[in-house]
Amino acid sequence: MSSQGMLEGADIILKALVDQGVDTIFGYPGGAVLPLYDALFKQNKIRHVLVRHEQGAVHAAEGYARSTGKPGVVLVTSGPGATNAITGLVDALMDSIPIVCLTGQVPTHLIGTDAFQEADTIGITRAATKHNYLVRDVEDLGRTIHEAFYVATSGRPGPVVIDLPKNIQVEEGPYTGSPKLKHKSYRPQIKGDLDQIRAAVDMIANAKRPVFYTGGGIINSGPAASQLLREFVRMTGFPITSTLMGLGCYPASDKQWLGMLGMHGTYEANLAMHECDVMINIGARFDDRITGRLDAFSPNSKKIHVDIDRANINKCVHVDIPIVGDAGHVLEDMIKVWKSNVHQPNKDALADWWAKIDEWRDRDCLGYKQEGDEIMPQYLLERLQDLTKDKDRYITTEVGQHQMWAAQYLGFEAPNRWMTSGGLGTMGYGLPAAVGVQMAHPESLVVDISGDASAMMNIQEFSTAVQFNLPIKVFILNNSYMGMVRQWQDITYDGRYAHTYSEALPDFVKLAEAMGGVGLRMEKPGDVDKVIKEMIKNNKPTIVDCRVAVLENCFPMVPSGAAHNEMILGPEDVETDREDDPTLV
Amino acid sequence: MAQDQAIFQHTIAVLVDNEAGVLARVIGLFSGRGYNIESLTVAETDHDEGLSRITIVTSGTSMVIEQIKAQLERLVPVHRVQDLTTDGPCVERELALVKVSGTGDARVESLRLGDAFRARVIDTTTDSFTFEITGASSKIDAFVALMGPLGLVDVSRTGIAAIKRGAESL
């Protein structure tokens, strides 16, 4: 029993989570978090989703966060519980996903003694998180949790770890802090500098060959930023492209949309970037998958860069007008300035620019050849797009060829509908992410676009989906290869497929059934529509084994170390003597 | 060498919360991103507010120096970052304890040189002196070099402490 006004640590933690609006946590119990699990057992405000591996817990929380705009919450035990979570934390760090991860720790008096299941979680996660805390005194507990939520969700979002020694979970203390807590030092810049914004708008108004290059920062700013972006892009009449992380911030069905840019971006998007005279980067970070060879990146453009993280300014690419601030706030100000100055874009120049872009579009870079009686992966995704686009749909992906095909052939009309591992490129992300998305959106269609190799990385989370009746669809583009690695071996290692063949794959249909779900298979183009429809109708966790053309590669491609105007459009463009440059990624 | 590839040395002052692990965060940032640390000093400077001041001497291209400052600023327990090299002028000092062991002429000579450098003897035995010397790092380098042949056995240096000239605070 607690004395007056005092609570046990575990209850302080749960009260703080409830006060933060948390309704779902993803976790896995263990010795060092038993008191917290016992407190969870005695309440009914927070649902706990039992994953099968702690990495899955973090990815599920990422899916939950990315699809709702709320922070995802994870609870794992000390030692292996914490170390298993690391990949998920780094994934969230790279893609700016707000996560609060509670880790159990051995009691404070045992820290440093190599106790059972002890790991230096704070040391290990320092570079894997935006910030981390070790709570050594129960009096700091409530405040620390509220501070962690503030840090995870404000500025550039990211993962925060709170390490909770077991004795802190049972000691009594006062409930301190509140969701309105003010942080003593951390004050990210939200509003952009107005003079810089004015200069940017002037540059935009005088552009002859402009392009908007947008990214995940728009999604992180919230749906209002996507709305403002649409408004501004339509006001200007400019073409727009986006990174992998920004898909959905602008509707793919719109005529100003050029498709994704970068290594597997469209011909028109990459050439527009290469030839533009003014580049308007909002919420993207000039990642190497975007820029290609840096010294040949968009050589003749003036660049505007809006980013909430000052460290992204001039990190890889020198820009002319940097604006530090939240994408939504800056867009709002840009629109105001544009309207108040009655700016008009240069209509003639813009018409010429669009004519050039239309020529590039006519190359139809996403065209592909039907080979025999095989299911072409591109065709498969086109059909998936057609049969699901009108549904309340969320897509997650793993990492590889299937991910790039999904980005190319699925169209996203709204933000928060596309969950993928961009920065870290984590195979095994999509299945647990789908679990998290489906928890947040139980009635929606949630599809994990997967590959045969990625699927095996976190297949155990299919059991989680079965346990919680989550009708996720694991849509495996099965070519029995680690397709993207093999593609690089095709291009730069003379087709020597060192260990990229997926030998001893399971029978995915039987596997789904053995785990308590439904398994479907397609083998010929004629099966595609029927199986996809069956998958959609099915309200149980489902694995679809799509046997696709085995040796198909993903194009267009800007090979590592090439410039945007040196794209490979199809297998016929692949030079056989190309070498892998070990100085590049 | 192109102008943007030239390497410059900068002295950076960082005001941080004096909490466990804060120094590891700063050092981890430098090692993780491949930046140089040429000198680093840290101590609590405001007990009531719980603040410590870290002085870092680093070097890099101007783009790297800008990155270092931006990366430091985004650490959660960091209150302020000041580039004393560009926001200067500033004064920089280092303190060293230099132990010399010997007898006879060398011992007398070390004492004479210590005097010339305005070093203070803070510990002595019949066959050793320990000097305390303060000044620019180059002065300490010179003193340590001179002590070499006179029986130098140990040196402990603090690294650089720096502060901006004038009335302004960090």
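Entry note, chain B: the mean residue ellipticity at 222 nm calculated from DSSP H runs of n ≥ 4, each adding -39500 (n - 2.57), is -8500 deg cm²/dmol after division by the residues and rounding to the nearest 500. What residues of the stretch A:170-184 lie in the reach of a label at A:Q4, counting those whose backbone N is under 20 Å from a point 7 Å from the Cα along Cα→Cβ? Flagged as within label range: A:172-176.
Share of carbon and sulfur in the accessible area of the stretch B:91-164 stands at 55%, probe radius 1.4 Å.
Considering Cα pairs under 8 angstrom that are at least six residues apart, work out the relative contact order of the stretch A:513-585 and quote it in whole percent.
Numbers: 60 pairs, mean separation 17.9, N = 73.
Result for the stretch A:513-585 is 24 percent.
Separation of the stretch A:486-527 and the stretch B:10-68 by C-alpha centroid, Å? Here the two parts' Cα centres lie 49 Å apart. Burial of accessible area (probe 1.4 Å, heavy atoms of protein chains only) in the stretch A:286-333, relative to its chain alone, reaches at least 50 Å² for A:R310, A:A311.
Interface residues of the stretch A:118-143, defined as a loss of at least 50 Å² in heavy-atom accessible area between the chain alone and the complex of all protein chains with a 1.4 Å probe, are A:R126, A:H131.
For the stretch B:3-83, with all protein chains in place and a probe radius of 1.4 Å, 48% of the accessible heavy-atom surface sits on carbon or sulfur. Once backbone amide H atoms are built at 1.01 Å from N, A:S480 has A:D452 as its partners under 5 Å, excluding neighbours fewer than 5 places away on the same chain. Between B and A, buried accessible area from a 1.4 angstrom probe totals roughly 1400 Å², ignoring ligands, DNA and RNA.
How large is the charge dipole for chain A, taken about the Cα centre, if only the Cβ atoms of Lys, Arg (+1) and Asp, Glu (-1) carry charge, to the nearest 20 debye?
Numbers: 55 positive and 74 negative charges, 354 e Å.
Dipole size: approximately 1700 debye.
Across the stretch B:91-164, Cα pairs under 8 Å and at least six residues apart give a relative contact order of 51 percent.
Any chance you could list the semi-axes, whole Å, largest first, of the equivalent ellipsoid that the Cα gyration tensor gives for the stretch B:1-134, using √(5λ)? Could you put the intermediate results ahead of the total?
Working: eigenvalues 266, 81, 34 Å².
So the equivalent ellipsoid measures 36, 20, 13 Å along its semi-axes.
Label point of A:L294 set 7 angstrom out along Cα-Cβ; within the stretch B:65-96, amide nitrogens under 17 Å from it belong to B:65-71. The stretch between A:C316 and A:E513, if pulled fully straight at 0.36 nm per residue, gains 66.1 nm over its current Cα-Cα span.
Restrict the search to the stretch B:109-170; then list the trypsin sites (Lys or Arg not before Pro) that DSSP places in a loop and that have at most 14 other Cβ atoms within 10 Å of their Cβ.
On the way: sites: B:R112, B:R118, B:R120, B:K139, B:R157, B:K164, B:R165; in loops: B:R118, B:R165.
In loop regions of the stretch B:109-170 (DSSP not H, G, I, E or B), the sparsely surrounded trypsin sites (Lys or Arg not before Pro) are B:R118, B:R165.
If R0 is taken as 60 Å, the Cβ-Cβ distance between A:R363 and A:D120 corresponds to a FRET efficiency of 0.65.
Counting only alpha carbon atoms, the long axis of helix B:137-147 and the longest principal axis of chain B meet at about 30°. What the Cβ-Cβ distance of A:D373 and A:E443 gives, at R0 = 56 Å and to the nearest 0.05, is a FRET efficiency of 0.90.
What per residue convex hull volume, in Å³, comes out for the stretch B:91-164 when only alpha-carbon positions are used?
Values: hull volume 5.2 nm³, N = 74.
That works out to 71 Å³ per residue.
Taking the solvent-accessible surface of protein heavy atoms with a 1.4 Å probe, what is the per residue accessible area of chain A in Å²? Please list the in-between numbers first.
On the way: 22310 Å² over 585 residues.
I get 38 Å² per residue for this part.
Nearest 5 is fine: what % of DSSP beta bridges in the stretch B:3-83 come out antiparallel, could you say? Mind dumping the intermediate values first?
On the way: 22 of 22 bridges.
Given both bridge residues lie in the stretch B:3-83, the antiparallel proportion sits at roughly 100 percent.
In loop segments of the stretch A:205-304 as defined by DSSP, there are no GluC sites (Glu not before Pro) with at most 15 further C-beta atoms inside 10 Å of their C-beta.
Measuring r between the beta carbons of A:Y493 and B:A43 and using R0 = 45 Å, the FRET efficiency lands at 0.25.
A cut-off of 5 Å between modelled amide H atoms, ignoring neighbours fewer than 5 places along the same chain, links A:L7 with A:G173, A:Y175.
Taken per residue, the accessible surface of chain B reaches 52 Å², heavy atoms only and a 1.4 Å probe. With a simple spin-label model that places each label point 7 Å from the Cα along the Cα-to-Cβ direction, the separation between A:L194 and A:K182 comes to 2.3 nm. At full extension, A:E231 and A:D38 could sit 64.5 nm farther apart than now, given 0.36 nm per residue minus the alpha carbon distance.
Which residues in the stretch A:445-469 place their backbone N less than 13 Å from a point set 7 Å from the Cα of A:R47 along the Cα-to-Cβ direction? Counting backbone N atoms under 13 Å from the label point, the list is A:465-469.
Pairs exceeding 29 Å between alpha-carbon atoms, taken from A:K15/A:K391; A:K510/A:K537; A:K45/A:K510; A:K45/A:K533; A:K191/A:K339; A:K184/B:K69: A:K15/A:K391; A:K45/A:K510; A:K45/A:K533.
Considering only DSSP beta bridges where both residues belong to the protein assembly as shown, give the percentage that are antiparallel (nearest 5). Numbers along the way, then the final one.
Values: 50 of 115 bridges.
Percentage antiparallel, nearest 5: 45.
Ellipsoid fit via the Cα gyration tensor, the protein assembly as shown: semi-axes of 49, 35, 26 Å, each the root of five times an eigenvalue, largest first.
Seen from B:I65, the other residues with C-beta closer than 15 Å to its C-beta sum to a net charge of -2, counting Lys and Arg as +1 and Asp and Glu as -1. Rounding to the nearest 10 and keeping the result within 0 to 90°, find how far the Cα-based axis of helix B:105-116 lies from the longest principal axis of chain B. It is inclined by approximately 50 degrees.
The values are calculated or read from the model by the stated rules, or taken from the named source; none is laboratory data. These numbers were taken from a predicted model, which means no experiment stands behind them. Cβ atoms come from the backbone with ideal geometry, glycine included; neighbour counts cover every protein chain shown. For accessibility, only protein heavy atoms count, side chains too; no ligands or nucleic acids. Shrake-Rupley method; radii C 1.70, N 1.55, O 1.52, S 1.80 Å.
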